[in-house]
């Protein structure tokens, strides 16, 4: 293991802290998520470290639970988009022919429309809940994973060592799992971070528009929406969740940058 | 005129995610070029020859820095010169011809504008004078339609022609010195000597001095007055061309001179193991046959060399034999049975007995597998060896290819070019094949390393009684290894027979062109050959 | 016909085909989802009678293909149908708002494009040195900011704390141009922030790519000064990729505008769309969605066509 650069270390620590808080929200949060504790937008105090929100709930508690929702939805939709996108992408690349053509053109079509616009159209017609959000986001984002994994796999299938395996008489499974997958992994892992960031920003935006996670549950985007009116009166409550979104995104970005640099520098050397 | 003294060049590389690395590229090199003389810089890849060439223009690529010694040019030390002075010198007193003219020309400009750019920039001539001079140079360099070729864009002109235009561009501002950086390496053999002859004539007629950089000693012997032999950034030997070619004093130089002179006596013909009969093939979606009615056979334990230039169909023949590209007509028999044209329909034994070695060993090995896995897989796949038994067999194979047992746990990225190719040979041998198809296996390697690979292949042939189908564009390699030769041209076999028969006159026109194009390691060869050719190269 | 015209014509035809396919996606994609427009409007607790009535009223019982053709035909003739919620003519409501959105996007583009190209050039010129590091650091931060976060940060600092600009971008008919410009300063700043980072990053990459070409080395070895190298040799080849980058990012602006309008309560298409998504007014959402998608696709095709036209290999075929 080579030295971890400082920026990546900071990113790693902050990302880890956010995930830890998300996993332990029930125990870490000082108060009940829905309990009304004080006045509207009480200032910061020893009882309420971040003050209270638009209807008097403890903001820190709301933030911790909000992080849980944001990270949960983003993680689930990223996993969905990755599993779906990479399986279909590899299939298209190795099958070729009309299978590849049909899948690629469909993906082109979906990607021709901005993701947010398409999501808005879909969310008008279906009832909004956490599972539907995860599915809609995962499906829409899987198009990007499809493109990447297909491109990566196509690059690898033209390599002489894949041809050598085919000439040896190896089966399709062996070619995919032993020749293609180990070489496709690093670009995909780096992309994983970027897709997660995108999912965080996307769910936050949807919730901010009032079309994502529905009350009384709230993610960070929703918390911004709930407290946004206060801003005009100089009450910065809405900025706290807003900053959390940005900090999480930046931290994951720092880690992803490092992973990308590391995997490209390896060039297939020892895995350590 | 150019006097390099104790030159030292260093560079810092920044591998992503690692600490910066400091390397010395050139150390303690001293050399001089007098007015009107041609100095050849020769060495293998990594010898620092291009770096020295660029240093004579006080230019370093990327993080390359000149850190020691002096570079005197036209009476001043250009290491001390400021940026403005260097700019005045570059493109006027000293000019440059790059290896790949196709990349070195700006795609957005017409050739003429680029050729005369420096003459105008440095205020040497008026536009009309510069254009007239360019046209005269185009004519001297044997370019077709010299009046109008300047109006074309780079992509509208062939590679061989672009290289001549680049030479014209370098000569146009009447420089004192031209640096030629491997100007013919990217060209086909038959095109190479025409360009070489054109460059030589242009140098002679304009009286310019030149630095000619190449990895091919036979090429530099034709054009240089003096030669500097480099290895690993240090000078090995420096002398007149006659001295270096005919009386080399250093062991390394002697090896370079005697390279490609493996003495191979052809074997008496025996029973064929592979018979290709009237094979015709085309790629899907194209309208013409890449292979037309090809008939050849390979004798058991012997070598058939397939010779041709790019586009001759020689690699396609390999794809057809392996079943990657099913033939549209014809028959392929192997070891007494007919092979299915399609890969999917072949038996495991069919696959095992025909193995393949590729040109680029880099892409032929999975970078995520160790040498042990790579060589071990055929042992496991075809013979079911596992565990310690497999490991022992892999180690035995590693010794057979003259590499140590210790290499078994290394990754391809940790091997040198020659070692990689040896591992690929071992992988092919592991299947105990009757035939190995070698597709340009030595053309990406430095000459001495290539020689080692050829010698190994010859030894293995005797020991394992394996036949080779050896595909190459390089006739010197053919002479070293072949028992039979087939010359291919535009998808057809134009000459076929035993090595002696194919290489003995009378020749057909194409074989004559091809044979005469291989640079020979003797002085005066270029002039002799240009005078006696019957056919123009297609690449012109 | 010149081969390049043929290529351009092909690209345009492909664009039309894509637009048509997108109309299919937006119309039938929604139909394929569970529930329908009537269900969406009335919610899960609606009585079957009310549902049936609304379906009849909205024409949901007519054959699907017929409804699609009617919808598409209306689109082509400028008749976008009526909103379900208030029965107003959609085309009329959109008209004014589309103008407002264009006004906003126009000013954002006018400011961000030259700024991004200049900064991109600077970053490329000082590749790896402090101006480049500074620029890419700031870029990383802004890329990680969703539009609404950037919006509220700017709003809080510039409008609420410093009282420099109005916090809401109110705009109404009869306003003078300067009043309008004053009103939209904040949303324009946010939009510029949002597109600038991407545009600059991609411009930098495009220019660095050109600067690493062998012909740039040739130019340097010809003794050209740094400015001449950039102006004569890098610039002509960088136009195509940079224009491409600009177009792609203007397309990205289309999405950014939706969120920014909501933040600043700006009466544009984006806010209109989000409003009607909340009200589950499918005809309005489909119409707006189609328009946004069309703008996006047209900009993308434009980017393609420009890179075809700027490519010397295609302009001067063999």
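Give me a count of the residues in region B:110-152 that are surrounded by fewer than 20 Cβ atoms within 10 Å (Cβ to Cβ) and either touching a strand residue (DSSP E or B) at 6+ places or on another chain (Cβ under 6 Å) or outside any helix (DSSP H, G or I) (or both).
13
Can you tell me which residue in region B:306-315 is farthest from the chain's Cα centre (by Cα), limited to those that are buried (at least 17 other Cβ atoms within 10 Å of the Cβ) and at pLDDT below 90? I'd like the intermediate steps shown before the answer.
Of all residues in region B:306-315, those buried (at least 17 other Cβ atoms within 10 Å of the Cβ) come to B:306-309, B:312-315.
Going one step further and asking which of them are at pLDDT below 90, we end up with B:308-309, B:312-315.
On the way: B:308: 14, B:309: 12, B:312: 17, B:313: 19, B:314: 17, B:315: 17 Å.
Taking the candidates together, the pick is B:313.
What about residue A:71, is it in contact (Cβ under 8 Å) with a residue 12 or more places away in the chain, within 30 Å of residue A:140 (Cα to Cα) and more than 14 Å from chain B (Cβ to nearest Cβ)?
Working: in contact (Cβ under 8 Å) with a residue 12 or more places away in the chain: yes; within 30 Å of residue A:140 (Cα to Cα): yes; more than 14 Å from chain B (Cβ to nearest Cβ): yes.
Yes, satisfied.
Quick test for you: out of B:46, B:84, pick the one residue that is within 31 Å of the chain's Cα centre (by Cα), surrounded by fewer than 18 Cβ atoms within 10 Å (Cβ to Cβ) and not in a strand (DSSP E or B). Reasoning before the result, please.
On the way: B:84 fails: within 31 Å of the chain's Cα centre (by Cα).
So the residue among B:46, B:84 that is within 31 Å of the chain's Cα centre (by Cα), surrounded by fewer than 18 Cβ atoms within 10 Å (Cβ to Cβ) and not in a strand (DSSP E or B) is B:46.
Do we find a residue being under 21 Å from residue B:184 (Cβ atoms), modelled with pLDDT under 90 and not assigned by TED's automatic domain parsing to the domain that holds residue B:158 anywhere in region B:502-510? Give the steps one after another, and end with the answer.
Kept after step one, since they are under 21 Å from residue B:184 (Cβ atoms), are these residues of region B:502-510: B:510.
Subsequent filtering for residues that are modelled with pLDDT under 90 retains B:510.
Then drop every residue that is not not assigned by TED's automatic domain parsing to the domain that holds residue B:158, which leaves B:510.
Scanning region B:502-510 turns up at least one residue that is under 21 Å from residue B:184 (Cβ atoms), modelled with pLDDT under 90 and not assigned by TED's automatic domain parsing to the domain that holds residue B:158.
Looking at A:192, A:148, A:181 in this structure, which one is part of a helix (DSSP H, G or I) and within 12 Å of chain B (Cβ to nearest Cβ)? I'd like the intermediate steps shown before the answer.
On the way: A:192 fails: within 12 Å of chain B (Cβ to nearest Cβ); A:148 fails: within 12 Å of chain B (Cβ to nearest Cβ).
Residue meeting the stated conditions: A:181.
Within region A:93-114, track down each residue that is closer than 27 Å to residue C:296 by Cα and away from chain C (no Cβ under 14 Å). It would help to see each step written out before you state the result.
Going through region A:93-114, the residues closer than 27 Å to residue C:296 by Cα turn out to be A:100-114.
Residues satisfying the conditions are A:100, A:101, A:103.
For residue C:105, indicate whether it is in contact (Cβ under 8 Å) with a residue 60 or more places away in the chain, within 20 Å of the chain's Cα centre (by Cα) and over 21 Å from residue C:28 (Cβ atoms).
Details: in contact (Cβ under 8 Å) with a residue 60 or more places away in the chain: yes; within 20 Å of the chain's Cα centre (by Cα): yes; over 21 Å from residue C:28 (Cβ atoms): yes.
Considered against the rule, which asks whether it is in contact (Cβ under 8 Å) with a residue 60 or more places away in the chain, within 20 Å of the chain's Cα centre (by Cα) and over 21 Å from residue C:28 (Cβ atoms), residue C:105 comes out as yes.
Of the residues B:269, B:249, which single one is in contact with a helix residue (DSSP H, G or I) (Cβ under 9 Å, 6 or more places away or on another chain) and either more than 30 Å from residue B:133 (Cβ to Cβ) or buried (at least 22 other Cβ atoms within 10 Å of the Cβ) (or both)? Steps first, please.
Values: B:269 fails: in contact with a helix residue (DSSP H, G or I) (Cβ under 9 Å, 6 or more places away or on another chain).
None of the others qualify; the one that does is B:249.
Quick one: residue B:380 ticks every box in (1) within 14 Å of chain A (Cβ to nearest Cβ); (2) surrounded by fewer than 19 Cβ atoms within 10 Å (Cβ to Cβ); (3) closer than 19 Å to residue A:160 by Cβ except a single one, so which number is it?
(3)
Any residue in region B:340-347 that is within 24 Å of residue B:423 (Cβ to Cβ), surrounded by fewer than 18 Cβ atoms within 10 Å (Cβ to Cβ) and within 12 Å of chain A (Cβ to nearest Cβ)?
no
Quick one: would you say residue C:101 is on the phi < 0 side of the Ramachandran plot and surrounded by fewer than 16 Cβ atoms within 10 Å (Cβ to Cβ)? Spell out the reasoning first.
Numbers: on the phi < 0 side of the Ramachandran plot: yes; surrounded by fewer than 16 Cβ atoms within 10 Å (Cβ to Cβ): no.
No; evaluated as a whole, the condition is false for this residue.
Can you tell me which condition residue C:208 does not meet? The list is (1) away from chain B (no Cβ under 12 Å); (2) within 27 Å of residue B:85 (Cα to Cα); (3) buried (at least 22 other Cβ atoms within 10 Å of the Cβ), and all the others hold.
Evaluating residue C:208 over (1) away from chain B (no Cβ under 12 Å); (2) within 27 Å of residue B:85 (Cα to Cα); (3) buried (at least 22 other Cβ atoms within 10 Å of the Cβ) leaves (3) as the failure.
If we keep just the residues of region B:361-377 that are in a helix (DSSP H, G or I) and at the interface with chain A (Cβ under 8 Å from one of its Cβ atoms), which is farthest from residue B:408 (Cα to Cα)? Reasoning before the result, please.
Residues of region B:361-377 in a helix (DSSP H, G or I): B:361-364, B:371-377.
Narrowing the set further to residues that are at the interface with chain A (Cβ under 8 Å from one of its Cβ atoms) leaves B:363-364, B:377.
On the way: B:363: 19, B:364: 17, B:377: 13 Å.
Across region B:361-377, the extreme among qualifying residues is B:363.
Would you check which residues across region A:115-145 are free of Cβ contacts under 8 Å to residues at least 60 places away in the same chain, facing another protein chain (nearest Cβ under 9 Å) and in a helix (DSSP H, G or I) and list them? Steps first, answer last, please.
Taking region A:115-145 and keeping what is free of Cβ contacts under 8 Å to residues at least 60 places away in the same chain, we get A:117-118, A:121-122, A:124-127, A:131-132, A:135-136, A:139-140, A:143.
Restricting the remaining residues to those that are facing another protein chain (nearest Cβ under 9 Å) gives A:117-118, A:121-122, A:124-127.
Result: A:117, A:118, A:121, A:122, A:124, A:125.
Report yes if some residue within region A:79-88 is modelled with pLDDT of 85 or more, closer than 27 Å to residue A:29 by Cβ and part of a helix (DSSP H, G or I); otherwise report no. Full working, then the answer.
Going residue by residue through region A:79-88, those that are modelled with pLDDT of 85 or more are A:79-88.
With closer than 27 Å to residue A:29 by Cβ added as a condition, the list becomes A:79.
In the following step, the residues that additionally are part of a helix (DSSP H, G or I) were identified as A:79.
Yes: one or more hits.
Any chance region B:409-423 includes a residue that's touching a strand residue (DSSP E or B) at 6+ places or on another chain (Cβ under 7 Å) and within 22 Å of residue B:478 (Cα to Cα)? Spell out the reasoning first.
Within region B:409-423, the first condition is being touching a strand residue (DSSP E or B) at 6+ places or on another chain (Cβ under 7 Å), and the residues that meet it are none.
The answer is no, given that none of the residues of region B:409-423 is touching a strand residue (DSSP E or B) at 6+ places or on another chain (Cβ under 7 Å) and within 22 Å of residue B:478 (Cα to Cα).
Return the only residue of C:260, C:245 being at pLDDT 85 or above and away from chain B (no Cβ under 13 Å).
One residue alone meets the criteria, C:260.
Kindly list the number of the only condition in (1) surrounded by 22 or more Cβ atoms within 10 Å (Cβ to Cβ); (2) without any contact (Cβ under 8 Å) to a residue 60 or more places away in the chain; (3) more than 14 Å from chain B (Cβ to nearest Cβ) that fails for residue A:220.
Here residue A:220 meets the rest and fails (2).
Which residues, taken from region B:354-377, are surrounded by fewer than 22 Cβ atoms within 10 Å (Cβ to Cβ) and in contact with a strand residue (DSSP E or B) (Cβ under 9 Å, 6 or more places away or on another chain)?
B:359
When you look at residue C:175, is it assigned to a helix (DSSP H, G or I) and either more than 11 Å from chain A (Cβ to nearest Cβ) or at pLDDT 75 or above (or both), yes or no?
Numbers: assigned to a helix (DSSP H, G or I): no; either more than 11 Å from chain A (Cβ to nearest Cβ) or at pLDDT 75 or above (or both): yes.
Against the criterion (assigned to a helix (DSSP H, G or I) and either more than 11 Å from chain A (Cβ to nearest Cβ) or at pLDDT 75 or above (or both)), residue C:175 does not qualify.
Would you pick out the residues in region B:237-248 that are part of a strand (DSSP E or B) and in contact (Cβ under 8 Å) with a residue 60 or more places away in the chain?
At the first step, the residues of region B:237-248 found to be part of a strand (DSSP E or B) are B:237-240.
B:238, the sole residue that qualifies.
So that you can scan it fast, the table gives a plain yes or no per residue for (1) crowded, with 17+ Cβ neighbours inside 10 Å; (2) not in a loop (DSSP other than H, G, I, E, B):
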{"site": "A:4", "(1), (2)": "no, no"}
{"site": "A:11", "(1), (2)": "yes, yes"}
{"site": "A:16", "(1), (2)": "no, yes"}
{"site": "A:19", "(1), (2)": "no, yes"}
{"site": "A:27", "(1), (2)": "no, yes"}
{"site": "A:30", "(1), (2)": "no, no"}
{"site": "A:44", "(1), (2)": "no, no"}
{"site": "A:65", "(1), (2)": "yes, yes"}
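Just to be sure before I move on: is residue A:105 surrounded by fewer than 18 Cβ atoms within 10 Å (Cβ to Cβ) and in a helix (DSSP H, G or I) in the structure I sent? Quick ask: steps written out before the conclusion?
On the way: surrounded by fewer than 18 Cβ atoms within 10 Å (Cβ to Cβ): yes; in a helix (DSSP H, G or I): yes.
Yes: the conditions hold for residue A:105.
The conditions are (1) touching a residue at least 12 places away in the same chain (Cβ under 8 Å); (2) part of a helix (DSSP H, G or I); (3) out of contact with any helix residue (DSSP H, G or I) (no Cβ under 6 Å at 6 or more places or on another chain); (4) more than 14 Å from chain A (Cβ to nearest Cβ), and residue C:79 fails exactly one of them. Which is it?
Condition (2) is where residue C:79 drops out.
What residue, of C:251, C:293, C:197, is over 30 Å from residue B:55 (Cα atoms) and touching a residue at least 60 places away in the same chain (Cβ under 8 Å)? Lay out the reasoning, then the answer.
Details: C:251 fails: touching a residue at least 60 places away in the same chain (Cβ under 8 Å); C:197 fails: touching a residue at least 60 places away in the same chain (Cβ under 8 Å).
Only one candidate qualifies: C:293.
Check residue B:87 against each of (1) in contact (Cβ under 8 Å) with a residue 12 or more places away in the chain; (2) assigned by TED's automatic domain parsing to the domain that holds residue B:230; (3) within 27 Å of residue B:206 (Cα to Cα) and name the one condition it does not meet.
The one condition residue B:87 does not meet is (1).
So is residue C:133 more than 10 Å from chain A (Cβ to nearest Cβ), loosely packed, with under 15 Cβ neighbours inside 10 Å and not in a loop (DSSP other than H, G, I, E, B) or not?
On the way: more than 10 Å from chain A (Cβ to nearest Cβ): yes; loosely packed, with under 15 Cβ neighbours inside 10 Å: yes; not in a loop (DSSP other than H, G, I, E, B): yes.
So residue C:133 fits the description; yes.
The values are calculated or read from the model by the stated rules, or taken from the named source; none is laboratory data. Note that the coordinates shown come from a computational prediction; the quantities given were computed from them, not determined experimentally. Note that we place each Cβ from the backbone using ideal geometry, even for glycine, and neighbour counts take in every protein chain shown.
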